[in-house]
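Quick notes on the structure that follows.
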Amino acid sequence: MTEPLEDERRITVERNGHVLLIGLNRPQKRNAADLRMLQQLAFAYAELENDPELRVGFVFAHGEHFTAGLDLADVAPRIGKDGLAMVPDGGIHPWQVAGQQLSKPVVIAVQGTCLTLGIELMLASDIVVAADSASFAQLEVARGILPFGGATIRFPRAAGWGNAMRWILTGDTFDANEAFRIGLVQEVVPHGEQYPRGLELAHRVAAQAPLAVQAALANARSAIRDGDAAAEAAMQPALVRLAASEDARIGMEAFLSRSTAEFVGR
């Protein structure tokens, strides 16, 4: 029997209010990422960043597994003398290790197998919900390479040096409870509930004042990247800018009237 051709659409993109749903869509390969998937994911992240109507990204996976990592048969031959060129013109590096970071938050829901680049997508996001079925491994060292999507930078920050090295240097598999214990995920839910819970959180973030969300995210990142002093110096100017926004007025009026604020992003 002839195998069906794989769907050309490796990444699904759908708008759900102010949330952009970004789905890994190669379930017959456990969502292993070939170059086409990486490029389409880069375009999806650029759409999130560049559209002012979009406030939050929600990344999930079609099928039973989040991702089996890189499709090495497709990707390995493409690694040249300067590494892997995977971001097309107009795209944004999904792991944000190329000098540009998203200004908007990303929520991720994971289930089943989540290997290598899947963990790095989690580390490059802001809130992670995991199904209790999820299993993780940062196993690049078992393939003769190193993590190149940010795990060596962000894993130690998120989990502490020893916890990160325990998993990066052995390539061993760990479960959702361990991922929660070391801070890689923020919630563990029964299998099947990771998508609705993750989407609920994405909409909860999207309901807040978007300029304020982006400012808070930027300041927290500045503290990590530039140090406390730089983040502290930026706080008051950011506060002054936000206080003059239309959303600040809307928020105050909602507070005084005990109503729900409908923010406009201005």
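The values are calculated or read from the model by the stated rules, or taken from the named source; none is laboratory data. Since this is a predicted model, take the numbers as computed values, not measurements. Every residue, glycine as well, gets a Cβ built from its backbone with ideal geometry; the counts of neighbours run over all protein chains shown.
Scanning for something more than 24 Å from Val129 (Cβ to Cβ) and at pLDDT below 90, does the range 206-225 turn up at least one residue?
yes
Mind listing just one residue for me: the one in the range 233-248 that is touching a residue at least 24 places away in the same chain (Cβ under 8 Å) and crowded, with 16+ Cβ neighbours inside 10 Å and, of those, farthest from Val264 (Cα to Cα)?
Filtering the range 233-248 down to residues touching a residue at least 24 places away in the same chain (Cβ under 8 Å) leaves 241-242, 245, 247-248.
Still in the running and crowded, with 16+ Cβ neighbours inside 10 Å: 242, 245, 247-248.
Numbers: Leu242: 13, Ser245: 10, Asp247: 6, Ala248: 10 Å.
Out of the qualifying residues, it is Leu242.
How about the range 51-166: which helices (runs of 4 or more DSSP H) wholly inside it have at least 3 residues that are within 19 Å of the chain's Cα centre (by Cα) and surrounded by 14 or more Cβ atoms within 10 Å (Cβ to Cβ)?
Working: elements: 72-75, 117-123, 151-159.
Because the criterion is at least 3 residues that are within 19 Å of the chain's Cα centre (by Cα) and surrounded by 14 or more Cβ atoms within 10 Å (Cβ to Cβ), the helices (runs of 4 or more DSSP H) in the range 51-166 that meet it are 117-123, 151-159.
Which of the numbered conditions does Ala215 fail, given that it passes all the others? Conditions: (1) farther than 18 Å from Phe66 by Cα; (2) crowded, with 16+ Cβ neighbours inside 10 Å; (3) in the same structural domain as Gln100 (by TED's automatic domain parsing); (4) not polar (S, T, N, Q).
(3)
Among the residues of the range 172-213, how many are touching a Gly at 6+ places or on another chain (Cβ under 7 Å) and within 15 Å of Ala109 (Cα to Cα)?
Within the range 172-213, residues that are touching a Gly at 6+ places or on another chain (Cβ under 7 Å) and within 15 Å of Ala109 (Cα to Cα) number 1.
In the set Val188, Val213, Val205, which member is free of Cβ contacts under 8 Å to residues at least 60 places away in the same chain, under 14 Å from Ile127 (Cα atoms) and not aromatic (Phe, Trp, Tyr)? Break it down stepwise before answering.
Working: Val213 fails: free of Cβ contacts under 8 Å to residues at least 60 places away in the same chain; Val205 fails: free of Cβ contacts under 8 Å to residues at least 60 places away in the same chain.
Answer to the selection: Val188.
Please name all residue pairs, on different chains or six or more residues apart, with Cβ atoms under 7 Å, provided the first residue is in the range 220-232 and is polar (S, T, N, Q) and the second residue is part of a helix (DSSP H, G or I).
Note: pairs meeting the criteria are Ser222/Ala230; Ser222/Ala231; Ser222/Ala234.
Enumerate the pairs (first residue in the range 62-82 and without any contact (Cβ under 8 Å) to a residue 60 or more places away in the chain; second residue anywhere and surrounded by fewer than 19 Cβ atoms within 10 Å (Cβ to Cβ) and basic (Lys, Arg)) with beta-carbon separation below 8 Å, excluding pairs fewer than 6 apart on the same chain, so at least 6 apart or on different chains.
Once the first residue is without any contact (Cβ under 8 Å) to a residue 60 or more places away in the chain and sits in the range 62-82, its partners that are surrounded by fewer than 19 Cβ atoms within 10 Å (Cβ to Cβ) and basic (Lys, Arg) give Ala68/Lys29; Asp71/Lys29.
Can you confirm whether Gln111 is farther than 25 Å from Val189 by Cβ and not basic (Lys, Arg)?
Numbers: farther than 25 Å from Val189 by Cβ: no; not basic (Lys, Arg): yes.
For Gln111, the condition - farther than 25 Å from Val189 by Cβ and not basic (Lys, Arg) - is not met.
How many residues are closer than 24 Å to Leu146 by Cα and surrounded by fewer than 19 Cβ atoms within 10 Å (Cβ to Cβ) if we restrict to the range 168-180? Reasoning before the result, please.
Our first condition is that a residue be closer than 24 Å to Leu146 by Cα; within the range 168-180, this holds for 168-176, 178-180.
With the extra rule that they be surrounded by fewer than 19 Cβ atoms within 10 Å (Cβ to Cβ), the set shrinks to 169-173, 175, 178, 180.
The number of residues fulfilling the criteria is 8.
Which one of these does Glu262 not meet: (1) touching a residue at least 40 places away in the same chain (Cβ under 8 Å); (2) assigned to a loop (DSSP other than H, G, I, E, B)?
It fails just one condition, (1).
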